[in-house]
Protein chains: 2
Amino acid sequence: MPKKSTPSNIKMSDIAKIAGVHTSTVSRALAGSPLVDEAVRKKIAGIARSCGYVVNSAARSLRLRRSQTISVAIPLGHESQQPLSDPFFVEMFGYLADEITQRGYGVHLQKILPPMDRWLENLIASNQPDGILIIGQSTEHKAIEAMAKKFLPLVVWGGQVARQSYCTVGSDNIEGGRLAAEHLLACGRQKIVFVGDTNAPEFLLRYKGYRAALEHSSHDIEKPYLASSHLTADGAYAAVKSLIAGKHALDAICAATDIIAANAIRAITDTGKTVPGDIAVVGYDDIALAAHTNPPLTTVRQDIQQGARTMVDLLFRRIDGEKTPSAIIPTQLVIRASSGCP
Amino acid sequence: MPKKSTPSNIKMSDIAKIAGVHTSTVSRALAGSPLVDEAVRKKIAGIARSCGYVVNSAARSLRLRRSQTISVAIPLGHESQQPLSDPFFVEMFGYLADEITQRGYGVHLQKILPPMDRWLENLIASNQPDGILIIGQSTEHKAIEAMAKKFLPLVVWGGQVARQSYCTVGSDNIEGGRLAAEHLLACGRQKIVFVGDTNAPEFLLRYKGYRAALEHSSHDIEKPYLASSHLTADGAYAAVKSLIAGKHALDAICAATDIIAANAIRAITDTGKTVPGDIAVVGYDDIALAAHTNPPLTTVRQDIQQGARTMVDLLFRRIDGEKTPSAIIPTQLVIRASSGCP
DNA sequence: TTGAAAGCGCTACCAC
DNA sequence: GTGGTAGCGCTTTCAA
């Protein structure tokens, strides 16, 4: 390792020397302590500015045991191939970052891959973030549950799980799954397949909603049918292709996410069939892409921006010691052309 | 501020006590130093694991003056309203994060808003990142130029500027702008308007390429015409609407980015005109959305993933002391329906 | 109101 | 190979 090129090696003691005071006074002055004389404060602030001095955050964090940083963790237990560049994560992360930086905190991103032994403990011990946001429980419900008891400032984007005691934000996934399936039923579809990975609570809940809709239907409907699919673009594409090639007849796909749905459309089209003519498709999330697929995607909207805002709001209230409850953000069916029905 | 709930207060000296050795030995053992006896090393590693011990990165950074962290900065001098959630940033950031985490480094995201006095110095002094990636020069060419002389591990996504000495990665923007304009000319369009904000070097270069194409054309073409546009969705939409309402006739739009192009399409359609019938549209970037607009967007493709990979590769070579040159990633016209011409 | 001194947790130098 | 020790840059208690 070559020696570090550090442009700014100015430290607090340098400022102190120039100002002719002790370091502790500089520290207080820069922190805006009322103890320090106003004239002295101004003088110190001036010197600091003209020297381009900024406190070293590592030293500050070490001393304060507080880092002014929020860690955003993305556990990919169910799906280690899924890249951070997945549009849903990336869209969600962007909104979270907007909200966090606006409050003067830094944002640290961490991708958690299996094996994930004690990842949460390690994340906290190592980075000492002031709060943690987890996007998707993945298969980590237990780990999160255990940690949430000891570490308060923790908010999770995901599905509500029975007897869960940590704070989640998410849409009502059962309701959303039901909305999607009921819409397809109302459009006259009878062989509706759910495509997704039910190892993650969110998707399992959506699947449950879908099942409920089918089972409560008075029409003569094919039994619920689950086609497992990876969440990557290629994985979803392949899953749908083999589904179509398989012997299970279908006239509609209820996808666990928009990414799966968008790739389902591609797979169906590439097979020579039409959407929604032969097979109708409904997604979930309403990411930016959904409005622009061809045909545009009917989907269950979760307002990601509002979700992000809610998560950050709850997180900061927890940092302040409040024991916030979970929040559910509204869910809404957005009807576009892919379901072939007004 | 309520007292911090810290689940893991175990430190190195605790491990040392349990193992019956000195802290320095633990430090060496955990760092995999060849000095420490193999049996001792294993014992210490075992204890550390079973205690869930992880080194405190603030302390480590302070001591080492090295943070195992890369800062990704997004200066928005030209466009303070542009959110971090802009699809281009977010897509680029996702790929960068993938590459960086894969190398065992942390990722820190920073949004830089005006007034940006000394922001680069401050970023370095405060966060002590081991390297910096800047997405887009925005209006900050001078600040970056000055810093690049003192701080080596710095790579910028953006346009190549005359006499620039820092390391950039980006497509050949002049060439790209020319490709777009030439394509429209080849399709028989004669009143082509460039829509974008030329305050950022990248977009200025694209505009130059566009001008060059028009000026070299032998046909009877309208003079180059620049319609300024914000990069936000709403800003671009409004800009194009007022362009159409204005007195300058046009039959094609050469957009500085896909976001502008996508919103141009929306604006044109909402005005009752058709794309590409009345007005052809060409974008720039080929973000994920481009393939899915209606009609699908003809655009100048920059391979963002390859760009990200290149940036991170160059950055780590710079961290190792190498003085890497700038890199240009290939540019390619992707013809879809929005330009109305095969 | 300011100064002195301790110490946050870690690594690296110097002895042995 | 291992132990002792100094010190990274900062904040905060305690004295003055």
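Averaged over peptide A:318-325, the number of partner chain Cβ atoms lying within 10 Å of each residue's Cβ comes to 2. Ranked by the mean number of other Cβ atoms within 10 Å per residue, highest first, peptides B:264-273, A:32-41 order as B:264-273, A:32-41. Within 10 Å of the Cβ of each residue in A:51-59, the mean number of Cβ atoms contributed by other protein chains is 6.
Of interest is the spacing of the C-alpha centroids, which for region B:55-130 and region B:193-238 amounts to 31 Å. With a simple spin-label model that places each label point 7 Å from the Cα along the Cα-to-Cβ direction, the separation between B:S228 and B:T324 comes to 3.6 nm. Label point of A:D278 (7 Å along Cα→beta-carbon): distances to the other copies' equivalent points are 3.6 nm, sorted ascending.
Remark on region B:76-171: ratio of C-alpha radius of gyration to 2.2 N^0.38 Å is 1.05. Positive end of the dipole of chain B (Cβ unit charges, origin at the Cα centre): among B:S138, B:Q190, B:V156, the Cα lying farthest that way belongs to B:V156. Name the residue from B:P325, B:T232, A:F93 whose Cα lies farthest towards the positive end of the charge dipole of the protein assembly as shown, charges +1 on Cβ of Lys and Arg and -1 on Cβ of Asp and Glu. Positive-end residue among those listed: B:P325.
Residue by residue along B:115-124, Cβ atoms of other protein chains within 10 Å of the local Cβ number 3 on average. Counting from the shortest, the label point at B:T23, 7 Å from Cα toward Cβ, is 1.7 nm from the same position in each remaining copy.
Taking the DSSP bridge list for region B:223-342 and keeping only pairs wholly inside it, about 35 percent are antiparallel. How about region A:304-342: which trypsin sites (Lys or Arg not before Pro) there lie in a loop by DSSP and see at most 13 other Cβ atoms within 10 Å? Filter output for region A:304-342: A:K323.
Rounded, prolate or oblate: which fits the protein assembly as shown when a ≥ b ≥ c are the square roots of the eigenvalues of the alpha-carbon gyration tensor, with rounded for a/c under 1.5 and prolate only if a/b beats b/c? Write down the numbers at each step before the final one.
Working: a/c = 2.02, a/b = 1.21, b/c = 1.67.
In terms of gyration-tensor shape, oblate.
Per-residue ellipticity at 222 nm from helix content only, as computed over chain B with -39500 (n - 2.57) for each DSSP H run of at least four residues, stands at -13000 deg cm²/dmol. Taken as Cα centroids, region A:254-281 and region B:254-326 sit 25 Å apart, rounded to the nearest whole angstrom.
In debye, nearest 20, what is the charge dipole magnitude of region B:12-55 about its Cα centre with +1 on Lys and Arg Cβ and -1 on Asp and Glu Cβ, if you could check?
Value, rounded to 20: 60 debye.
Can you put A:W157, B:W119 in order, fewest other beta carbons within 10 Å first? Don't jump to the answer; show the numbers that get you there.
On the way: A:W157 26, B:W119 19.
Ranking A:W157, B:W119 by Cβ neighbours within 10 Å, fewest first, gives B:W119, A:W157.
Toward the positive end of the charge dipole of the protein assembly as shown, with +1 on the Cβ of Lys and Arg and -1 on the Cβ of Asp and Glu, the farthest Cα among A:W119, B:L205, B:Q305 is that of A:W119. Distances, shortest first, from the label point of A:P115 to those at the same position in the other copies read 5.5 nm; the point lies 7 Å along Cα to C-beta.
Spread over its residues, the convex hull of the C-alpha atoms of chain A is 174 Å³ per residue.
Looking at the protein assembly as shown, the DSSP beta bridges with both ends there are about 15 percent antiparallel.
Within chain A, the cysteines lacking any other cysteine Cβ closer than 4.7 Å to their own Cβ are A:C51, A:C167, A:C254. For region B:105-174, trypsin sites (Lys or Arg not before Pro) are listed when DSSP marks them as loop and at most 14 other Cβ atoms sit within 10 Å of their Cβ; the list is B:R163.
Once you keep just the Cα pairs under 8 angstrom separated by 6 or more residues, what percentage relative contact order results for chain B? Walk me through the numbers on the way to the answer.
Working: 638 pairs, mean separation 51.8, N = 342.
Contact order relative to length: 15 percent.
Where both bridge residues fall in chain A, DSSP classifies roughly 10% of the beta bridges as antiparallel.
Each listed q (0.21 Å⁻¹) maps to a log10 I(q)/I(0) for region B:1-148 from the Debye sum over equal C-alpha point scatterers, namely -1.24. Placing +1 on the Cβ of every Lys and Arg and -1 on the Cβ of every Asp and Glu, with no other charges, gives the protein assembly as shown a dipole of roughly 2960 debye about its Cα centre. The mean of 1/r over all distinct Cα pairs in region A:148-304, once inverted, gives the Kirkwood hydrodynamic radius of 15.8 Å. Here the residues B:C167, B:C254, B:C51, ranked from fewest to most Cβ neighbours within 10 Å of their Cβ, fall in the order B:C51, B:C167, B:C254. The value given for region A:12-55 is a Kirkwood hydrodynamic radius of 9.9 Å, derived from the mean inverse Cα-Cα separation. Annotation for region A:152-173 versus region A:30-48: alpha-carbon center distance of 44 Å.
With only Lys, Arg, Asp and Glu charged, each at its Cβ (+1 for the first two, -1 for the last two), find how big the charge dipole of region A:205-251 is about the Cα centre; round to the nearest 20 debye. Don't skip to the end; give the middle numbers.
On the way: 6 positive and 5 negative charges, 33 e Å.
Rounded to the nearest 20 debye, it is 160 debye.
Read-outs throughout are calculated quantities, based only on the coordinates presented, and are distinct from any laboratory measurement. As the structure is a prediction and not an experimental result, all values here were calculated from the model. Backbone-built Cβ (ideal geometry, glycine too); neighbour counts: all protein chains shown.
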